[in-house]
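*Asks:* There's a structure below that I have some questions on.
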Amino acid sequence: MRSANSGRLGSLVVHARRNNYKKQPTRARNNPKDIPESTDFRKSKTSLSKSKEKVSAEEEKLLSKEEEAKIVTRVDMADARYVVEDHRNGDANIELDANKRQFTGLTKEELMKYAEDPFWVRLRWFMFILFWSLWLCMLAAAIAIIVQAPKCAPPPPKTWYEKGPLVDMSAVESFEELEAELPQLKSNQVQGIFTYVCKDTYEVLEEPSCLQKFKDFVTKAKDYGIKVIVDLTANSVGTNHSWFALSENRSAGYEQYFLWADGAGFGEDHTLNPPNNWISKQDEPAWSYSERRKQFYLHQLSREQADLNFTNPEVVRRFDDVLKLWMQAGAYGVRLVDARYLVVNSSLAEEQPERSGAALGATHSQHAYWQHRHSRDQTALLPLLQHWAHLVDHASPNTGIGETVFTLSEMTRPELFLLRANVSGVLRPSSAAPLPAARPADLAAALNTRLPYWPALHVEDGEESEVWMLSALLPAAPVLASSQLLAHNDTEIVSWERVWSLRGDASVEHGRYSVAAVPDQDGQYNLIACARWKAGHTGYVAVYNAGETAHANLTAPAPALSALPARLAVHHVSHAAALQTNYTVNMEVEAASVLVPAKSALLLSFVPNAAVEE
């Protein structure tokens, strides 16, 4: 504030500092140049002088010297600041409290007073208890979330039959021959074999000698770590069997043991026509006439084998007894042969021609000519298979639940009935007919249809081919013919072990897969590849050449094989293929040009593309 108008406090401050400077009016000596030339100047000067005298008289009246002294002693001049404004006019300001210190907090005595106050003591304890209570609650909640949250359990390990390989030894006719093959089967890491040694499935119910030989063989096979699966044909018994004779004579309890039907009128030659146009697998009429019973009996496999009637509970019970005997004798499972023909349509409706049958050159007297919609794959077959699958699983003294084999053996083309989800859930593993590798594009399409069910799969392309190397990577239970086992030499046996050891690898056991036909350097899709990979693990790809020697382009069928990088490493090459390719283990090759000899396979490894893994 200006000294001329500072009022009471300004006068006091100036008085307190009289030793430092003389009391002067706020406005200094006026510059003559700043004084306006006016005729009223004298009047203005006189008026200003009177105003100053009046103010000075009022100040003297307002404060006495004693009171002024009291006030002066309370003013801290450290908080005052002298500010010069316009030096030409002598203007100046004195600002009080300009350098006033900030609040620096409570003193120790004041803090101790509050610290000992009961209110603040209680408040501190309340906040302390509240904090730790909330912390413990959050800790308990976190533990509860961790414990009760659903876990990402590791995938269950594959069973012994899913890992494979399994070898079909059903063509071997004696246990002695099978026993001689056990050392080679063990050296080739075979997990199990299929056997068919008792030609009459129901023979064991009356003649147990065959069963005793089987028990002895199973004991020896266990020493080699090989499990035995029995092939059984439940469909029929011979026409010389006692059951057929009793049924033909209409003996009590046996009248409906077989499928009997009346004729469908007489033909032009005055002979009785069969009930319908069904054709057996032997390319002959599926019905034969019994002079004794005066009816036709059904035989879809051969004329000497009469089909049993599995709508009869007594017949089902008979086969139950057969299954129990084989499982208790040490079998690790059962494979049913021709099971699709076990149940037929009771209406005995006529069959219709198969469109592809005529295209294949078949005639109306051949089995391939007809659709067989009424003579096989009936809906009543499913509960029958479910019943036997449960029985086999619970009748085995050697394995746990779900570790026995119950599957079907089929030799025909892929069938819709066996690919249904409900049927595949019954079979262990799911059944599948053998697949030829001669046409890679067709093979890839068939594999992609069947592989989601992890089926029992047999890929064939001649005894000399190396298609088994492709089977080793397939997400299936590989089934090999005995002729596909490799020769007895150290080089080949080691190579066989190197390939089949991958069946326990995480990429093969639980990883993703991709199967695709692969073009050669001429753009012809004469090769097929199967890639397997899993995040964080080494990936593998097997390439099989069904044609002549060629360079496979593994980058062409993208995105089917998009997991493959540009360069691959050789994981295994057979001795025969190495002679033609000069490939060695761990050698890098270009994915766009992989040399594969005719009827040979190559096994490569790679690091999967990160983008494909995600």
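The values are calculated or read from the model by the stated rules, or taken from the named source; none is laboratory data. Bear in mind that the values here come from a model prediction, so they are computed numbers and not experimental data. Positions of Cβ are generated from backbone atoms using ideal geometry, with glycine treated the same way; all protein chains shown enter the neighbour counts. The protein model used for the area step is the full one, side chains on, heavy atoms only, and it has no ligands, DNA or RNA in it. Shrake-Rupley method; radii C 1.70, N 1.55, O 1.52, S 1.80 Å.
*Asks:* Could you tell me the accessible area of Leu447 in Å² (1.4 Å probe, neighbours in place), rounded to the nearest ten?
*Replies:* Surface open to solvent at Leu447 totals about 0 Å².
*Asks:* About the Cα centre, and with charges only on the beta carbon of Lys, Arg (+1) and Asp, Glu (-1), how big is the dipole of the range 451-606? Nearest 20 debye, please. Don't jump to the answer; show the numbers that get you there.
*Replies:* On the way: 7 positive and 15 negative charges, 122 e Å.
Using Cβ point charges on Lys, Arg, Asp and Glu, the range 451-606 gives about 580 debye.
*Asks:* At 7 Å along the Cα-to-beta-carbon direction for both Asn586 and Glu207, put a label point, then send me their distance in nm to one decimal.
*Replies:* Those two pseudo-labels are separated by 6.0 nm.
*Asks:* How do Thr363, Thr233 rank by accessible surface area computed with a 1.4 Å probe, from largest to smallest? Don't jump to the answer; show the numbers that get you there.
*Replies:* Values: Thr363 65, Thr233 20 Å².
From most accessible down to least: Thr363, Thr233.
*Asks:* Further question on the same structure: Over the range 495-614, with every protein chain in place, what whole percent of the accessible area is carbon and sulfur at 1.4 Å, could you tell me?
*Replies:* Values: 2390 of 4820 Å².
Within the range 495-614, the accessible surface is 50 percent carbon and sulfur.
*Asks:* Same structure, new question: How much of Asp522 can a 1.4 Å solvent probe reach, expressed as accessible area in Å² and rounded to 10?
*Replies:* The accessible area of Asp522 comes to roughly 110 Å².
*Asks:* Pull up all non-local amide H partners of Val337: gap of 5 or more, or a different chain, and H-to-H distance under 5 Å with H placed in the peptide plane.
*Replies:* Those qualifying (amide H under 5 Å, at least 5 residues apart or on another chain) are Leu232, Thr233, Ala234, Ser409.
*Asks:* Which whole-number value in Å³ per residue fits the convex hull of the alpha carbons of the range 109-248? Present the calculation step by step, with values, prior to reporting the outcome.
*Replies:* On the way: hull volume 38.5 nm³, N = 140.
About 275 Å³ per residue, rounded to a whole number.
*Asks:* Turning to a different aspect of this structure: What are the extents of the Cα atoms of the range 184-224 along their three principal axes, in Å, largest first?
*Replies:* Sorted largest first, the three principal extents are 37, 16, 12 Å.
*Asks:* Work out how much length Trp135 to Ser290 would gain on full extension: take 0.36 nm times their residue separation and subtract the Cα-Cα distance, in nm to one decimal. Let's see the in-between values first.
*Replies:* On the way: separation 155, 0.36 × 155 = 55.80 nm, distance 8.94 nm.
Stretched fully, the Trp135-Ser290 segment lengthens by 46.9 nm.
*Asks:* Moving on. Counting other Cβ atoms within 10 Å, which GluC sites (Glu not before Pro) in the range 108-156 have at most 12 and lie in a DSSP loop? List each step's numbers first, then the result.
*Replies:* Working: sites: Glu109, Glu110, Glu116; in loops: Glu116.
Loop-located and lightly packed - Glu116.
*Asks:* With every protein chain present, what accessible area does Ser346 have (1.4 Å probe, heavy atoms only), rounded to the nearest 10 Å²?
*Replies:* Here the residue's solvent-accessible area equals roughly 110 Å².
*Asks:* If one computes the Cα centroid of the range 240-302 and of the range 121-195, what distance in Å separates the two points?
*Replies:* Cα centroid to Cα centroid, the span is 54 Å.
*Asks:* How large is the charge dipole for the range 308-398, taken about the Cα centre, if only the Cβ atoms of Lys, Arg (+1) and Asp, Glu (-1) carry charge, to the nearest 20 debye?
*Replies:* Numbers: 8 positive and 9 negative charges, 22 e Å.
The dipole of the range 308-398 has a size of about 100 debye.
*Asks:* Let me ask another. Determine how many Å³ per residue the convex hull of the Cα atoms of the range 537-593 encloses. Display every interim value, and only then the final one.
*Replies:* Numbers: hull volume 5.3 nm³, N = 57.
In the range 537-593, the Cα hull volume divided by residue count equals 93 Å³.
*Asks:* Output the peptides 165-171, 586-592 sorted from most to least packed, where packing is the average of other Cβ atoms within 10 Å over each peptide's residues.
*Replies:* Details: 165-171: 22.0, 586-592: 13.6.
Listed from highest to lowest mean packing, they are 165-171, 586-592.
*Asks:* Carbon-plus-sulfur fraction of the accessible area of the range 202-317, 1.4 Å probe, in percent?
*Replies:* 47 percent
*Asks:* For Asp117 and Ala566, what is the calculated FRET efficiency with R₀ set at 60 Å and r taken between the beta-carbons, to the nearest 0.05? All intermediate terms of the calculation are to be shown ahead of the outcome.
*Replies:* On the way: r = 78 Å, r/R0 = 1.30.
My answer for the efficiency is 0.15.
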